[in-house]
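Trainee: Sharing a structure with you now.
The values are calculated or read from the model by the stated rules, or taken from the named source; none is laboratory data. Just so it is clear, the model here is predicted, and its values are computed rather than measured. Cβ atoms come from the backbone with ideal geometry, glycine included; neighbour counts cover every protein chain shown. For accessibility, only protein heavy atoms count, side chains too; no ligands or nucleic acids. Shrake-Rupley method; radii C 1.70, N 1.55, O 1.52, S 1.80 Å.
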Amino acid sequence: MLQSPATTNRRTSQVIPPDTPIIITIDGPAGTGKSTVATELARRLGLDVLDTGAMYRAATAIAIDHGIDPDDHERIVRTVADADLHFDWSKTPPPILAWLRPMDDRIRDEDVSALVSKISAIPELRRHMVRKQRLIFQQHPRLVSEGRDQGSVVFPDATVKFYLDADPRVRARRRAEQLARRGFVVPVDEMLRRILERDEQDSTRSDGPLVCPEDAIVVDTTDMTLDEVVDHLAGLVHARLDRDG
Ligand code: DC
């Protein structure tokens, strides 16, 4: 989208001063636009961005590609630990690497999407990921981190917590459009079924379930464009920083 000079100036001035440590969490169900919003918000505020869903997707792709039984938790965690998941911070958004090799679009494939909720419910795997995510924050102390449990479990003291939501049918349409851009056609009704199933699994697991943290700001993105969501969130972050001095 083209931006007017006035808009560009306003956005450039939104960068948060480099000496200010800050952690912004964005949680919410699939298809609410979290990854795109987090990436754009981080760019606008001059922060790094962490896509924690990519970490669980990478673990799932590794389990599938190594032929590991999804119920063999011990072997999954051992193999994922051995892969030493890392992000390449020289790129925006940072792609995820396993055994130092980029995983590229493999993590977005449908077999991975279909299994990721089950794999991400493994308590030992979640503990491993939470440790890694906190370590990443130590190395990147100006961070927008998005996922399902970022404000509730991983960074309970986050500077600002957001929870994005949207009408399930709109979320299904967005996900179907994303897949269509990669050449896969999934009818919206089928996508809706998959999304509702994944919501149910993500929010009912015992460890780090998808919940809206009590102190999170809830934003319904159903009728909002990406720019509108990012404008809104950036404004709220600055208001919070101004208020807290
Ligand atoms: O945001 P996403 O669709 O890429 O996330 C993929 C899956 O990973 C999602 O179904 C739930 C899981 N996930 C999680 O359990 N905890 C996170 N912090 C992020 C994602």
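Trainee: Test residue 214 against the criterion of being surrounded by fewer than 16 Cβ atoms within 10 Å (Cβ to Cβ), within 19 Å of residue 149 (Cα to Cα) and of a type in the set (Asp, Glu), and give yes or no.
Mentor: Yes: the conditions hold for residue 214.
Trainee: Report the residue count in segment 48-59 for those that are open to solvent by 10 Å² or more (accessible area, probe 1.4 Å) and either among the aromatic types (Phe, Trp, Tyr) or outside any helix (DSSP H, G or I) (or both).
Mentor: 4
Trainee: Got a number for residues in segment 149-167 being buried (at least 20 other Cβ atoms within 10 Å of the Cβ) and among the charged types (D, E, K, R)?
Mentor: Count: 2.
Trainee: Something else about it: Can you name the residue in segment 168-186 that is small (Gly, Ala, Ser) and outside any loop (DSSP other than H, G, I, E, B) and, of all such residues, is surrounded by the most Cβ atoms within 10 Å (Cβ to Cβ)?
Mentor: Filtering first and then ranking leaves 172.
Trainee: Could you list, in sequence order, the residues of segment 60-116 that are among the hydrophobic types (A, V, I, L, M, F, W, C), at pLDDT 95 or above, open to solvent by 60 Å² or more (accessible area, probe 1.4 Å) and farther than 19 Å from residue 134 by Cα?
Mentor: The answer is 99, 100.
Trainee: Return the residues of segment 124-170 that are under 15 Å from residue 80 (Cβ atoms) and either near the ligand (Cβ under 10 Å from one of its atoms) or of a type in the set (S, T, N, Q) (or both); say none if nothing qualifies.
Mentor: 125, 126, 129, 130, 133
Trainee: Tell me, which residue of segment 198-211 that is more than 10 Å from the ligand (Cβ to nearest atom) and not small (Gly, Ala, Ser) is least open to solvent (accessible area, probe 1.4 Å)?
Mentor: The selected residue is 211.
Trainee: Continuing with this model, one more query. Can you report the number of residues in segment 100-123 which are among the basic types (Lys, Arg), in a helix (DSSP H, G or I) and either more than 9 Å from the ligand (Cβ to nearest atom) or free of Cβ contacts under 8 Å to residues at least 40 places away in the same chain (or both)?
Mentor: Final tally of qualifying residues: 2.
Trainee: Open to solvent by 30 Å² or more (accessible area, probe 1.4 Å) and in a loop (DSSP other than H, G, I, E, B): which single residue out of 231, 189, 223 fits that description?
Mentor: After applying the criteria, what remains is 223.
Trainee: Let me ask you something else. For segment 124-148, how many residues meet the condition of being surrounded by fewer than 23 Cβ atoms within 10 Å (Cβ to Cβ) and outside any helix (DSSP H, G or I)?
Mentor: Summing the residues that are surrounded by fewer than 23 Cβ atoms within 10 Å (Cβ to Cβ) and outside any helix (DSSP H, G or I) in segment 124-148 gives 3.
Trainee: Six or more apart or on different chains, Cβ under 6 Å: which pairs go from a residue in segment 65-93 that's in a helix (DSSP H, G or I) to one that's open to solvent by 70 Å² or more (accessible area, probe 1.4 Å) and not aliphatic (A, V, I, L, M)? Could you list them?
Mentor: Qualifying pairs under 6 Å: 73/124; 77/124; 79/66; 83/99.
Trainee: Hey, another quick one. Restricted to segment 28-47, and to residues that are within 16 Å of the ligand (Cβ to nearest atom), more than 20 Å from residue 153 (Cα to Cα) and open to solvent by 20 Å² or more (accessible area, probe 1.4 Å), which residue is modelled with the lowest pLDDT?
Mentor: It comes out as 33.
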